[in-house]
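K.L.:
To start, I am sharing the structure in question, which I have written as structure tokens.
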Amino acid sequence: MKSKKEKKIHSIQTRKNQIQGITPSYPSHIQSPIHDLYFPFRILFVFLFFLLFQCQSNGESKDNSYFQNKEKTKTEIQKKWETLAPSGIKSLTYMVMMGDGEVYQSQIGVSSEAKIERFKIGSITKLFTGIAILQLQESGKLKLDDPASKFLPELNLVKPKQEGYREITIRDLLTHQSGLPSDLANGFFLSPEAKEDEIYRSFRSLPKSLAGLERNEPGKIHSYSNLSFGLLGNIIERVSGASIESYFRIHIFEKAGMKHTTLLEELADSDLITGYSGIFWKTKTIRPVIRDLTAGSISTTAGDMGLFMKSFFQSKSNKGLLSAVSFDEFHKTQNGPFANFEMKLGLPVMKTSYMADGKTVWFYGHSGSLPPFFADLLYDPETEIVSFVAGNTLGLQTGGLKGTNTEVMEIVWEEKMGVRPEPILLPVNAKKGSIYGEEGYYISTMGIHEYKNGNPPTLSLMGFDVGLIPKENRFGIDLRVFFGLIPIRDPKIEEMRIEFETWEGNSIFTLYNKDLPKGVAGIGVKFTPNNRFPEEKYFGTFVTKENYAIIPKLKLEKDKRGFPLLTIYYALGGMENTLQVPCEWEGEGTIRILGYGRNLGERFVLSEKDGKPVVLYSGGVYEKD
């Protein structure tokens, strides 16, 4: 029997029947789009017309008042999620808390009558990992500023890029500034049929995989890292003496009353919902089973996420998952690199500022993607307002999940507080001097960019050459399509700003708007090609023999612009995505990917196996095809 505090907004079965009645059929040969799940800002451009259509057709008037009107608010929330689910997402589950302690949840789309269905929440798992680390600090078993090597001596096998780097701390791992590689791609995905023993064995082998890796300077740059959170999970096991699933179950899941949540794959009385991918015609995908459990493996329900948040909020009175002191530490802005700019991080929650009635309001949250699963969580610890969503489909509509969840959060906050929170307007840039950057090539997590001065200046962004218009002592974007004849007049694009400046002697640019604080999207760093290349035999396509590889192949080319060009092929959720990055030949078999940020600044090695060229990258061996 359901608790009175746990309410359904609408009937799941009714929605199931509606959706089954309108789902269209499309030819299965239509190709899937390229998804860059390592940098969500790409979605804005790749799915430009889709997002513009969505904004025009799904917009909700700012004049609507939801103040102290729960029924109107719940109806509007349902409508917003229905705009995504019927046309693109097979199943979607969501939960809101309106500041009254009650959990409101629903599921839209195809659902099972026989069993409770769990959704993977990807990197939202990292919040649970952060809580576990703080619990162990409370019990005196570790400290956030302890050297991580105290618990993971295998870290001493990682070679610093330069001598004199300080030790990596647990706090560095929690805040993505350890200097370790962003990911260890080799072995990240396991067989979809992997059993508990194999999953544990793979998870516990992660520290041993550090041997031979290289690390950059800790504290210099934010570089989102699944590897770091996989290592944190191993620290939790070693310090607590319990298996990671047992620790999470006893100290988090059971304490919060979560009966349908696990880090592993099998759980009594519930099943993982089937995943799908595709643009129009959706096909089933294999179950994503990963090695780095504490980076992104939790599967759960909307109801359990509500119970989790209730118990989390009770920490404020020392009656929840954490002490009040640790709860404050979790949400406190952590010291970060200068290149974080306006990005605010907790442990490891993301912080975003809003204005409401002349006061600053902070929303906290995290997104998660383990394709084809996507999730997003936003909450305000002061009012105890929460909005959570999870979906099981990788497709066009996936790009709208986070934005819609933000809109839902704003509506729920208005229902409670009587005013709509608005993202803080971009401050006027007070810097003096030229706003123009240095001409040439730049590298960011979005790929390679070319900046040209002119009238107007242009910057290439993910296949678009966008014009740059001076605005507020920096640049706005003039995006045009159809050979530059038709300008795109969309508020989200018109709000974007590009700013050139100098960082550690390098010319850089940042891309941001009022919804995306400066620094969140990383930095684009200027590089100068030096026309140095390895031997000709190392150019070509290289493939791995690893089953279920997240990176099945690499391609190294001699780019006419004067640098080795590496194309990385990602296989995620039944779709293929590519990222092209410039490299520098350092000699002695080493090539360095240029730039700073996720998967940038890392090295790969050119070698031979049985007399044939091979590439050693991200823990894997790639043989020439």
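K.L.:
Taking Asp172, is it within 25 Å of Ser240 (Cα to Cα) and part of a loop (DSSP other than H, G, I, E, B)? Walk me through it before giving the result.
P.N.:
On the way: within 25 Å of Ser240 (Cα to Cα): yes; part of a loop (DSSP other than H, G, I, E, B): no.
Against the criterion (within 25 Å of Ser240 (Cα to Cα) and part of a loop (DSSP other than H, G, I, E, B)), Asp172 does not qualify.
K.L.:
Among the residues of the stretch 414-432, which ones are under 20 Å from Leu516 (Cβ atoms), loosely packed, with under 14 Cβ neighbours inside 10 Å and aliphatic (A, V, I, L, M)?
P.N.:
Hits for the stretch 414-432 are Leu425, Val428.
K.L.:
Follow-up question, since we're still on this one. What's the number of the condition Asn318 fails, among (1) within 30 Å of Leu84 (Cα to Cα); (2) at pLDDT 95 or above?
P.N.:
(1) is the only condition that Asn318 fails.
K.L.:
Can you tell me which residue is farthest from Ser178 (Cα to Cα) among those in the stretch 120-167 that are basic (Lys, Arg) and surrounded by 21 or more Cβ atoms within 10 Å (Cβ to Cβ)?
P.N.:
Taking the stretch 120-167 first, the residues basic (Lys, Arg) are 120, 126, 141, 143, 150, 159, 161, 166.
The next check asks that each one be surrounded by 21 or more Cβ atoms within 10 Å (Cβ to Cβ); those that pass are 120, 126.
Values: Lys120: 26, Lys126: 16 Å.
Step by step, filter the stretch 120-167, then rank; the result is Lys120.
K.L.:
Which residue is nearest to His222 (Cα to Cα), if the candidates are limited to the stretch 521-558 and must be acidic (Asp, Glu) and not in a loop (DSSP other than H, G, I, E, B)?
P.N.:
Applying the first criterion (acidic (Asp, Glu)) to the stretch 521-558 yields 535-536, 546, 557.
Now restrict to residues that are not in a loop (DSSP other than H, G, I, E, B): 536, 557.
Numbers: Glu536: 35, Glu557: 28 Å.
In this case the residue turns out to be Glu557.
K.L.:
Pairs needed: first member in the stretch 140-151, within 13 Å of Arg171 (Cβ to Cβ); second member anywhere, of a type in the set (Asp, Glu); C-beta distance under 6 Å; at least 6 residues apart or different chains.
P.N.:
Pro147/Glu167
K.L.:
Could you tell me whether any residue of the stretch 155-172 is among the small types (Gly, Ala, Ser), closer than 25 Å to Glu214 by Cβ and in contact (Cβ under 8 Å) with a residue 12 or more places away in the chain?
P.N.:
Step one: list which residues in the stretch 155-172 are among the small types (Gly, Ala, Ser), which gives 164.
From what is left, the residues that are closer than 25 Å to Glu214 by Cβ are 164.
Subsequent filtering for residues that are in contact (Cβ under 8 Å) with a residue 12 or more places away in the chain retains none.
No, every residue in the stretch 155-172 fails to be among the small types (Gly, Ala, Ser), closer than 25 Å to Glu214 by Cβ and in contact (Cβ under 8 Å) with a residue 12 or more places away in the chain.
K.L.:
Would you check which residues across the stretch 593-611 are within 15 Å of Leu556 (Cα to Cα) and in a strand (DSSP E or B) and list them?
P.N.:
Result: Ile593, Arg603, Phe604, Val605, Leu606, Ser607.
K.L.:
Further, regarding this structure: Assuming Gly611 fulfils every condition listed in (1) touching a Leu at 6+ places or on another chain (Cβ under 9 Å); (2) surrounded by fewer than 20 Cβ atoms within 10 Å (Cβ to Cβ); (3) at pLDDT below 95; (4) of a type outside the set (Ser, Thr, Tyr) apart from one, which condition is it?
P.N.:
(1)
K.L.:
Out of the helices (runs of 4 or more DSSP H) lying entirely within the stretch 224-307, which hold 3 or more residues that are under 21 Å from the mean Cα position of the chain (by Cα) and of a type outside the set (D, E, K, R)? Working first, answer last.
P.N.:
On the way: elements: 226-240, 244-248, 293-296.
Because the criterion is at least 3 residues that are under 21 Å from the mean Cα position of the chain (by Cα) and of a type outside the set (D, E, K, R), the helices (runs of 4 or more DSSP H) in the stretch 224-307 that meet it are 226-240, 293-296.
K.L.:
Which of the strands (runs of 3 or more DSSP E) contained wholly in the stretch 414-499 include at least 1 residues that are touching a residue at least 60 places away in the same chain (Cβ under 8 Å)?
P.N.:
Working: elements: 440-444, 447-452, 458-461, 464-471, 474-478.
Here the list reads 440-444, 447-452, 458-461, 464-471.
K.L.:
Which residues, counting only those in the stretch 190-201, are touching a strand residue (DSSP E or B) at 6+ places or on another chain (Cβ under 6 Å) and surrounded by 17 or more Cβ atoms within 10 Å (Cβ to Cβ)? Let's see the steps before the verdict.
P.N.:
In the first step, residues of the stretch 190-201 are kept if they are touching a strand residue (DSSP E or B) at 6+ places or on another chain (Cβ under 6 Å); the result is 190, 192, 194.
Passing the criteria: Leu190, Ala194.
K.L.:
Moving on. What number of residues within the stretch 350-366 satisfy the criterion of being out of contact with any strand residue (DSSP E or B) (no Cβ under 9 Å at 6 or more places or on another chain) and either polar (S, T, N, Q) or at positive phi (or both)? Explain how you work it out, then say what you get.
P.N.:
From the stretch 350-366, those out of contact with any strand residue (DSSP E or B) (no Cβ under 9 Å at 6 or more places or on another chain) are 357-359; that's our starting set.
From what is left, the residues that are either polar (S, T, N, Q) or at positive phi (or both) are 357-358.
Total meeting the criteria: 2.
Here is a yes/no grid of residues against (1) free of Cβ contacts under 8 Å to residues at least 24 places away in the same chain; (2) more than 20 Å from Ser225 (Cα to Cα); (3) of a type outside the set (A, V, I, L, M):
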{"site": "Lys558", "(1), (2), (3)": "no, yes, yes"}
{"site": "Leu572", "(1), (2), (3)": "no, no, no"}
{"site": "Met575", "(1), (2), (3)": "no, yes, no"}
{"site": "Leu594", "(1), (2), (3)": "no, no, no"}
{"site": "Gly597", "(1), (2), (3)": "no, no, yes"}
{"site": "Leu600", "(1), (2), (3)": "no, no, no"}
{"site": "Leu606", "(1), (2), (3)": "no, yes, no"}
{"site": "Lys609", "(1), (2), (3)": "yes, yes, yes"}
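K.L.:
Looking for whichever is surrounded by fewer than 20 Cβ atoms within 10 Å (Cβ to Cβ) and either over 25 Å from the mean Cα position of the chain (by Cα) or not in a helix (DSSP H, G or I) (or both) here; the options are Gly212, Gly179. Which one fits? Can you show your working first?
P.N.:
Details: Gly179 fails: surrounded by fewer than 20 Cβ atoms within 10 Å (Cβ to Cβ).
On inspection, the qualifying residue turns out to be Gly212.
K.L.:
Of the numbered conditions (1) surrounded by fewer than 16 Cβ atoms within 10 Å (Cβ to Cβ); (2) in a loop (DSSP other than H, G, I, E, B); (3) touching a strand residue (DSSP E or B) at 6+ places or on another chain (Cβ under 7 Å), Lys518 satisfies every one except a single condition; which is it?
P.N.:
Only one criterion in (1) surrounded by fewer than 16 Cβ atoms within 10 Å (Cβ to Cβ); (2) in a loop (DSSP other than H, G, I, E, B); (3) touching a strand residue (DSSP E or B) at 6+ places or on another chain (Cβ under 7 Å) is unmet by Lys518, namely (1).
K.L.:
Take Ser225 and tell me if it is buried (at least 20 other Cβ atoms within 10 Å of the Cβ) and in contact with a strand residue (DSSP E or B) (Cβ under 6 Å, 6 or more places away or on another chain).
P.N.:
Values: buried (at least 20 other Cβ atoms within 10 Å of the Cβ): yes; in contact with a strand residue (DSSP E or B) (Cβ under 6 Å, 6 or more places away or on another chain): no.
For Ser225, the condition - buried (at least 20 other Cβ atoms within 10 Å of the Cβ) and in contact with a strand residue (DSSP E or B) (Cβ under 6 Å, 6 or more places away or on another chain) - is not met.
K.L.:
Which residues, counting only those in the stretch 534-551, are surrounded by fewer than 19 Cβ atoms within 10 Å (Cβ to Cβ) and either outside the structural domain of Gln580 (by TED's automatic domain parsing) or at negative phi (or both)? Steps first, answer last, please.
P.N.:
Start the filter on the stretch 534-551 by keeping residues that are surrounded by fewer than 19 Cβ atoms within 10 Å (Cβ to Cβ), which leaves 535-537, 539-541, 543, 545-548.
Passing the criteria: Glu535, Glu536, Lys537, Phe539, Thr541, Val543, Lys545, Glu546, Asn547.
K.L.:
Can you tell me which residue is nearest to Met98 (Cα to Cα) among those in the stretch 300-319 that are free of Cβ contacts under 8 Å to residues at least 60 places away in the same chain, small (Gly, Ala, Ser) and crowded, with 19+ Cβ neighbours inside 10 Å?
P.N.:
The selected residue is Ser311.
K.L.:
What residue, of Leu347, Leu378, is in contact with a strand residue (DSSP E or B) (Cβ under 9 Å, 6 or more places away or on another chain), of a type in the set (A, V, I, L, M) and not in a helix (DSSP H, G or I)?
P.N.:
Details: Leu347 fails: in contact with a strand residue (DSSP E or B) (Cβ under 9 Å, 6 or more places away or on another chain).
Answer to the check: Leu378.
K.L.:
Answer yes or no as to whether Leu44 is modelled with pLDDT under 75, out of contact with any Ser or Thr (no Cβ under 7 Å at 6 or more places or on another chain) and not assigned by TED's automatic domain parsing to the domain that holds Met462.
P.N.:
So Leu44 fits the description; yes.
K.L.:
Within the stretch 352-366, is there a residue that is in contact with a His (Cβ under 9 Å, 6 or more places away or on another chain), surrounded by fewer than 21 Cβ atoms within 10 Å (Cβ to Cβ) and touching a residue at least 60 places away in the same chain (Cβ under 8 Å)? Don't jump to the end; show me each part of the working.
P.N.:
Initial filter on the stretch 352-366 (in contact with a His (Cβ under 9 Å, 6 or more places away or on another chain)): 362, 364.
With surrounded by fewer than 21 Cβ atoms within 10 Å (Cβ to Cβ) added as a condition, the list becomes 362, 364.
In the following step, the residues that additionally are touching a residue at least 60 places away in the same chain (Cβ under 8 Å) were identified as none.
No - not one qualifying residue is present in the stretch 352-366.
K.L.:
Within the stretch 433-455, is even one residue crowded, with 18+ Cβ neighbours inside 10 Å and modelled with pLDDT under 85?
P.N.:
Of all residues in the stretch 433-455, those crowded, with 18+ Cβ neighbours inside 10 Å come to 435, 437, 441-449, 451.
Now restrict to residues that are modelled with pLDDT under 85: none.
So far as the stretch 433-455 goes, no, none of its residues is crowded, with 18+ Cβ neighbours inside 10 Å and modelled with pLDDT under 85.
K.L.:
Let me ask something additional. Specify which of the listed residues (Arg215, Arg201, Arg249) is under 22 Å from Lys545 (Cβ atoms), without any contact (Cβ under 8 Å) to a residue 60 or more places away in the chain and among the charged types (D, E, K, R).
P.N.:
On the way: Arg215 fails: under 22 Å from Lys545 (Cβ atoms); Arg249 fails: under 22 Å from Lys545 (Cβ atoms).
Arg201 is the lone residue from the list that is under 22 Å from Lys545 (Cβ atoms), without any contact (Cβ under 8 Å) to a residue 60 or more places away in the chain and among the charged types (D, E, K, R).
K.L.:
Considering only the stretch 254-284, state which residues are surrounded by 19 or more Cβ atoms within 10 Å (Cβ to Cβ), among the hydrophobic types (A, V, I, L, M, F, W, C) and either within 25 Å of Leu184 (Cα to Cα) or free of Cβ contacts under 8 Å to residues at least 40 places away in the same chain (or both).
P.N.:
Leu263, Leu264
K.L.:
Another question, then. Quick check: is even one residue across the stretch 321-333 in the same structural domain as Phe248 (by TED's automatic domain parsing), touching a residue at least 60 places away in the same chain (Cβ under 8 Å) and under 23 Å from Val408 (Cα atoms)?
P.N.:
Checked against the condition, which is being in the same structural domain as Phe248 (by TED's automatic domain parsing), touching a residue at least 60 places away in the same chain (Cβ under 8 Å) and under 23 Å from Val408 (Cα atoms), the stretch 321-333 yields no hits at all.
K.L.:
Ser507 is checked against (1) surrounded by 14 or more Cβ atoms within 10 Å (Cβ to Cβ); (2) not in a strand (DSSP E or B) and fails just one. What number does that condition carry?
P.N.:
Only one criterion is unmet by Ser507, namely (2).
The values are calculated or read from the model by the stated rules, or taken from the named source; none is laboratory data. A quick note: this is a predicted structure, and the numbers were derived from the prediction, not measured. Here Cβ is always computed from backbone atoms with ideal geometry, including for glycine, and neighbour counts include all displayed protein chains.
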